[in-house]
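The values are calculated or read from the model by the stated rules, or taken from the named source; none is laboratory data. Source: prediction; values computed, not measured. So basically every Cβ, Gly included, is an ideal-geometry build from the backbone, and we count neighbours across all protein chains shown. For the accessible areas, the whole protein counts, side chains as well, though only heavy atoms, and no ligand, DNA or RNA atoms are used. Shrake-Rupley method; radii C 1.70, N 1.55, O 1.52, S 1.80 Å.
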Amino acid sequence: MEATERENTEDIESLMEDMDYIPGHFHLDLNLNCDPTGPVKLRHRDTYLRQESLRAELEAEVGYLQYAVRNLLGLLAFNLEQLDTAEEVFRSICKEDPGNLNAWANLGYVYDKLGRELDAGECVDKVSNLMGVDGSEASQDEIRILAARCLVEQAYVFPYDVELDSDDDLRERLNTALSFYNRALHYGGDLIPIEEKRSWYFKMATIYIRLDNIVKTKEDSEYSRLSHYNKGLKFLKETLESEKTQHKALAWCYVGIMLERKKEFSPVPMSIHDCGFSASDPLSCYGTAINMASDDAFILNLLARVFSLLGKHDMATGICNMALNVLPDPELNWQAYCTRAKINIILYMRDLEKAKLGDGGIPDRQKLIDARKDLDKVLGVRPCLRTHLEMAQVYYYMGVDALQESLLVDESAINCALVSLSHALKFELGDCLPDLHVLRGRCLLVKGEEQNAVDCFKKALELEKRGSRDTTALRCLLQALLTLFMQGDPDPGIVITQLEMWVLKAEERYSQDIVKAELRCLYSTHMAEVTELSRVLIRTGRLDLVRRLLDTVVPKQLAKKRPLVFRSVSLT
């Protein structure tokens, strides 16, 4: 029996090696198809968030690319152990698009996992028939078209993989996606309808723009960037010929982005002249994009999201207002209210940081009031985890002093924030978001519930991935534990033990340099309190944490460098 199974496996592997492409998503080189590098719960959280964002993407995709999104949604559902949902997703694609190779292969995989061997076999037979490997009478042209669409759907998956924690990981996935798109273009050739091919060009252009974003942060990047820039701009030029307003408007928007970046090159990239953009400027491109979409709320919302991500908040807000003039109903146009609220929150937080640094006045709280009004409308028709979390954020900032967050100015607003967070926690995997627990801890801390706040910050820190650079949870936890220590508990040993334990746990998630930086920040912002803590630590013989604190104040590296600096000065 085992020998037979081994022979079958070898036959399948041999067959796969001879094939130019293999339908389905479950064999692709994705983190999704491998065991998680960390806790399963965190993998499920990231997969769930991908699933939620993709549902919004599905509304934006037209034509055959909608099946790329839906096949990916099925893959994500399978990884969330939602096998019934995955089966339904793949089966619905097979019904609507009987030639969809990926859907049939994916459905067969799900049936196999469910133990439905006969159904799985029928799916395999269907794939073989569509690919013409069983002697079927399928035409070669039709086989090539189906193969090209299969490869495009697979290309779509790679940028949405999970656990892409570094630029190198993301770049590898983006380059893999481009290789699949290029193979699809090779397979399909002139057989693919030009409008469908232009939708592929647009996807490839956005990938080249993302690659340019990654590469330009590296030293000596101009040469390696140039290829990405030129290819991306040429694909956008092709997309401008599209008959679909959505693709044309977004393409003009991205052309404007590319033209803004031309000053980062010397000389100017030749693709600008090749594509006829020598006399064009970014603002005119943005204006063309907005004018094209002026009466279409859906496309305006897509443009607003792009401008918001670029940090062009005034322009994004104006486009949201245009979209709401076209379609003010929150039930039909909730995206515009969400984007406008998000922008107001971002602008308030930006002004708040400037004020803390002494670079500006007190931030305008009207932005918070406007954000709350927009989010109220969205929650009335489409409540979701993110919207409740953003509403809690708005209420939190309304409840604390604009410059000193430790000062409570409106307890009812803080209570409203806690209510919003309780709603967010009811959603699937809401309990797995570090941001949620950090915000909850901050609300409780300002209310004087220090121990409850500490518990929230601990939970947030436990949810951070290894190698994370976001130290918000750690910083809040250290400050909250220090506050508990200074309250003068008869037995300070309990708090000190927690401090020692969580500093060690932090080093399991962050690099030692990051932990040292946070301890240094704690000392510089709470010097008197840390000094008192150090006295107690020395008195009780708990010297390990004292050494860590001293290392942050008087780094050993600095002591080694001083003689070198002195000698270099003496020689001049």
Using a 1.4 Å probe over the heavy atoms of the protein chains, calculate the carbon and sulfur portion of the accessible area of the chain as a whole percent. 51 percent
Need one word for region 166-279: rounded, prolate or oblate. Basis is the Cα gyration tensor (sqrt eigenvalues a ≥ b ≥ c); a/c below 1.5 gives rounded, then a/b vs b/c decides. oblate
The chain, relative contact order in percent, only Cα pairs under 8 angstrom and at least six apart counted: 6 percent
To the nearest 0.05, what FRET efficiency results for Asp141 and His27 with a Förster distance of 30 Å applied to their C-beta separation? 0.70
What is the sum of charges, Lys and Arg at +1 and Asp and Glu at -1, for the other residues whose Cβ falls under 15 Å from the Cβ of Val62? -3
Roughly how tilted is helix 450-462, in degrees to the nearest 10 and between 0 and 90, from the longest Cα axis of the chain? 40 degrees
On a 0 to 90 degree scale, rounded to 10, what angle separates helix 140-157 from the longest Cα axis of the chain? 0 degrees
Could you name the lysines whose alpha carbon sits less than 24 Å from that of Lys505, not counting residues in the same chain fewer than 8 places away? Lys41, Lys458, Lys459, Lys465, Lys516, Lys556
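Take peptides 541-549, 462-470, 298-306 and line them up by average Cβ neighbours within 10 Å, highest first, as a rough protection proxy.
Working: 541-549: 13.9, 462-470: 15.8, 298-306: 23.9.
Taking the mean over residues of other Cβ atoms within 10 Å, the ranking is 298-306, 462-470, 541-549.
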Radius of gyration and Dmax over the Cα atoms of region 289-419, both given in Å: 15.5, 48
Taking every C-alpha to C-alpha distance in region 335-377 and binning by 5 Å from 0, the per-bin percentages run 5, 28, 26, 18, 12, 8, 3, 0
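Rounded, prolate or oblate: which fits region 12-101, taking a ≥ b ≥ c as square roots of the Cα gyration tensor eigenvalues, rounded meaning a/c under 1.5, else prolate when a/b beats b/c?
Verdict is oblate for region 12-101.
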Rounded to whole Hz, the Karplus (6.51, -1.76, 1.60) HN-Hα couplings of region 531-539, x for glycine and proline: 4, 5, 4, 5, 4, 5, 4, 5, 5
What are the equivalent ellipsoid semi-axes of region 229-274, built from the alpha-carbon gyration tensor (square roots of five times its eigenvalues), in whole angstrom, biggest first? 21, 11, 6
Percent of all Cα-Cα pairs per 10 Å bin for region 363-434, counting from 0 up to the last occupied bin, reads 21, 49, 26, 3
Proximal lysines relative to Lys248, as straight alpha-carbon distance under 23 Å, when same-chain residues fewer than 8 apart are discounted: Lys197, Lys203, Lys231, Lys234, Lys237, Lys262, Lys312
Per residue, how much accessible area does the chain have with a 1.4 Å probe, in Å²? 49 Å²
For region 340-348, take each phi angle, set θ = phi - 60°, evaluate the Karplus expression 6.51 cos²θ - 1.76 cosθ + 1.60, and give the result in whole Hz per residue in order, putting x for glycine and proline. 5, 5, 4, 5, 4, 5, 4, 5, 5
Any chance you could give the angle, 0 to 90 degrees and rounded to 10, that helix 65-79 forms with the longest Cα principal axis of the chain? 60 degrees
Estimated 222 nm signal from helices in the chain, with DSSP H stretches of n ≥ 4 weighted -39500 (n - 2.57), rounded to 500: -24000 deg cm²/dmol
Using Cα-Cα distances under 8 Å and only pairs 6 or more residues apart, what relative contact order does region 361-491 have, in percent? 18 percent
Would you pull out the residues with amide H under 5 Å of His25's amide H, same chain only if 5 or more places away, H placed 1.01 Å from N? Asn106
Burial ranking of peptide ranges 351-359, 149-157, 419-427 (average Cβ count within 10 Å, highest at the top): 149-157, 419-427, 351-359
Cα gyration tensor shape of region 202-359, rounded if a/c is under 1.5, else prolate or oblate by comparing a/b with b/c: oblate
Please compute the modelled spin-label separation between Gln366 and Arg466, points set 7 Å along Cα→Cβ, answer in nm with one decimal. 5.1 nm
With equal scatterers on the alpha carbons only and no solvent term, can you work out the Debye log10 of I(q)/I(0) for the chain at 0.06, 0.08, 0.09 1/Å? -0.41, -0.71, -0.88
